[in-house]
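Notes for the one structure printed next.
Nothing in this text is a laboratory measurement; each read-out follows from the coordinates by a stated rule. Just so we're clear, the structure is a prediction, and the values are computed from it rather than from any experiment. Because the Cβ atoms are built from the backbone with ideal geometry, glycine has one as well, and the counts that use them run over all protein chains shown.
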Amino acid sequence: MLATHTELKLEIERIKKKIDNQDQNIENVFRYFDELLEQKANPRKQIGFKLPKKRR
């Protein structure tokens, strides 16, 4: 019975560590989303070759 309790305790600790890592990963995903939204709100200037306007 004691061996079973030890195994359960180790399994619970392993799950806790996994959950902690998942929380950090989710925070990273939302931080990246925020960065992408900031970039979209501040678009770059248009680049490229502009054709001269035709004279009439």
Point to revise | Fully extended contour minus Cα-Cα distance, from Val29 to Arg14, at 0.36 nm per residue | key: 3.1 nm
Exercise for review: Treating cross-link reach as a plain straight distance, find the lysines whose alpha-carbon is under 18 Å from the alpha-carbon of Lys18, omitting any fewer than eight places away in the same chain.
Suggested key: Lys9
Exercise for review: Using all C-alpha to C-alpha distances in the chain, build P(r) with 10 Å bins and read off the rounded percent in each one.
Suggested key: 18, 18, 17, 15, 12, 9, 6, 4, 2, 1
Point to revise | Selection from Asn28, Leu10, Ile47, by position along the positive dipole direction of the chain (Cβ) | key: Ile47
Check your understanding: Charges only on Cβ, +1 for Lys and Arg, -1 for Asp and Glu: so what's the dipole of the chain about the Cα centre, in debye to the nearest 20?
Key -> 1360 debye
Review point. Helix 2-41 versus the longest principal axis of the chain: what is the Cα-based angle in degrees, 0 to 90, to the nearest 10?
Key: 10 degrees
